[in-house]
Amino acid sequence: LSDSDNGQVLMFNNSSAITVTVPAGLTLGFACTILQLGTGQITFSASSTTINNRNSHTKTAGQHSRVGLMHYSTDVYNLGGDTA
């Protein structure tokens, strides 16, 4: 991810698994929506960041799932939505 993804809807349509790296240094308040269109599950990988989720999930739940990622504190993110 990069600051240019802020406010965007990112769509991934792969049959193979995908890793989205959540880097340190994105603008505070960064938020984006991510859609898994294909069968390839999306995994969110923290890179000098913390990704919080109510259920400690780090992936999309499956094809057609939608998640939101929000940067709410210095290098701390919330991942919510259809997660697994």
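The values are calculated or read from the model by the stated rules, or taken from the named source; none is laboratory data. Remember, it's a predicted structure, so these values are computed and weren't measured experimentally. Backbone-built Cβ (ideal geometry, glycine too); neighbour counts: all protein chains shown. The area values use the complete protein model at the heavy-atom level, side chains included, leaving out ligands, DNA and RNA. Shrake-Rupley method; radii C 1.70, N 1.55, O 1.52, S 1.80 Å.
Points worth noting:
- Region 63-80 - residue that is part of a strand (DSSP E or B) and without any contact (Cβ under 8 Å) to a residue 40 or more places away in the chain and, of those, most open to solvent (accessible area, probe 1.4 Å): 66
- The C-beta contact set for region 8-32 (first residue more than 15 Å from residue 49 (Cβ to Cβ), second residue open to solvent by 70 Å² or more (accessible area, probe 1.4 Å) and assigned to a loop (DSSP other than H, G, I, E, B), distance under 9 angstrom, 6+ apart or interchain) comprises 14/39; 15/39; 16/39.
- Region 32-62, residues that are in a loop (DSSP other than H, G, I, E, B), surrounded by fewer than 14 Cβ atoms within 10 Å (Cβ to Cβ) and in contact with a strand residue (DSSP E or B) (Cβ under 9 Å, 6 or more places away or on another chain): 37, 48, 54, 55, 62
- Just one of the numbered conditions (1) touching a Ser or Thr at 6+ places or on another chain (Cβ under 7 Å); (2) polar (S, T, N, Q); (3) loosely packed, with under 14 Cβ neighbours inside 10 Å is not true of residue 16: (1).
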